[in-house]
Amino acid sequence: MFADFLNRLIQPQPETLPDADARLALGALLVRIARTDGEYAHEEAERIARILAARYGLDADAALDLRHRAEALEAEAPDTVRFTRAIKDAVPYEDRAAVMEALWEVVLADGIRDHEEDALMRLTASLLGINDRDSALARQRAEARMAG
């Protein structure tokens, strides 16, 4: 279903993704992070739909549709390293930095932050080309938004 999209994304010199494709790829990365601990909690899935709605100005139905397509793409996507590097090459830095904040929201959504998730977030930030400072600031913004 997503074979052509994935082939375009992971080719050696990917072109910048059109906005709709970038949304789908970033949504799939959110799902990938949420599924990292072997559990895809209802809270995480709901949080992803809310993030997609807020980030892209979507209504609830459109956000849910995007999340479902992102879940399907994630299931077919290559390993996290190749997938994330492909996103780095095809999505502007500002969008990737904002996605780090969204990824932190997903990691923090279930109220449990474990070593595997922290390690994956460090790896993801590195693969997305996000420096440690920007990743830490993204986490702090996500924590503040969730607390407030």
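The values are calculated or read from the model by the stated rules, or taken from the named source; none is laboratory data. Please read all numbers here as calculations on a predicted model, not as lab measurements. As a convention, Cβ positions derive from the backbone with ideal geometry for all residues, glycine included, and neighbour counts pool all protein chains shown. The accessibility values were calculated without ligands, DNA or RNA, using every heavy atom of the protein model including side chains. Shrake-Rupley method; radii C 1.70, N 1.55, O 1.52, S 1.80 Å.
General remarks:
- Among Ile112, Ile48, Ile130: highest mean-square fluctuation, GNM of the chain, C-alpha pairs under 10 Å: Ile112
- Only protein atoms count toward the accessible area here, which uses a 1.4 Å probe; on the chain, the carbon and sulfur part of that area reaches 50 percent.
- Coil-residue GluC sites (Glu not before Pro) of segment 1-110, DSSP, other Cβ within 10 Å capped at 16: Glu15, Glu39
- Its Cα centre serving as origin, the chain has a Cβ charge dipole (Lys and Arg +1, Asp and Glu -1) of approximately 380 debye.
- Helix runs (DSSP H) in the chain reaching 18 Å along axis by Cα, Kyte-Doolittle at least 1.0: 19-34
- Note that segment 60-148 presents 50 Å² accessible area per residue, ligands and nucleic acids not counted, probe 1.4 Å.
- Secondary-structure-derived ellipticity at 222 nm for the chain, considering helices only, amounts to -25000 deg cm²/dmol, per-run term -39500 (n - 2.57) for DSSP H runs with n ≥ 4.
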